[in-house]
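Below: the structure, in structure tokens.
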Amino acid sequence: GWIVTRLLSDFLSIDSVDVVGIKFYKGVEERHEKPMITHPLISDVSNKKVLVVDDVADSGRTLQVAMELVQLYNPKEVRTASLYVKPRSIIIPDYYVSETDAWIVFPWEYAETLRNIMRYREVPSCKDKLLLIADEVGLKSYELIDELINLILITTK
């Protein structure tokens, strides 16, 4: 949710931004058993209004862990926001753009998604096959995807 957070902070003229690293997905449609905190909250949020932001409220467990972590520091108020919310999410963000059940790959995740496809699916180092799989998970064959595949194939040889 960092990129969405950064854009929102700019749009809303908010100077105080902190990052809580929480990792739930380890690959394309592949999750850890539970969300893992990879970067703790460092800012003092006691008695402050806090907006917890993520790009997608999928299962909602990542937002839940983030909210629980923030609550430990006694904020005045905690609200949540995400671009998308899935129907199965246990947390419905206070603010969101749209509800969807589709697998979403954001532009800032293209390279990571392609690497995960290669890592978790036994894919030959074949560009055409990678383009087909990329299309299946929502990465359309734009020039950027083509270039990323070229770079990934070069660096994994």
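Coordinate-derived values only; no laboratory data. A quick note: this is a predicted structure, and the numbers were derived from the prediction, not measured. Counting neighbours? That spans all protein chains shown, and the Cβs are built from the backbone with ideal geometry, glycine included.
A few points about this structure:
- Rounded to 5, the percent of DSSP beta bridges in segment 2-99 classed as antiparallel: 30 percent
- Annotation: extensible slack from Ser16 through Asp101 equals 27.3 nm (criterion: 0.36 nm per residue apart, minus Cα-Cα distance).
- Formal net charge of residues neighbouring Leu63 (Cβ-Cβ distance under 12 Å; K, R +1; D, E -1): -2
- Loop-resident sites, segment 52-108, for chymotrypsin sites (Phe, Trp or Tyr not before Pro), counting at most 16 other Cβ within 10 Å (DSSP): Tyr73, Trp103
- Stretching the chain fully between Tyr73 and Ile3 yields a gain of 22.8 nm (0.36 nm per residue, less the alpha carbon separation).
- The stretch between Glu136 and Glu112 holds 7.1 nm of extra length on full extension. This uses 0.36 nm per residue minus the Cα-Cα distance.
- Total lysine pairs whose alpha carbons fall under 22 Å of each other in segment 2-99 (8 or more apart, or interchain): 7
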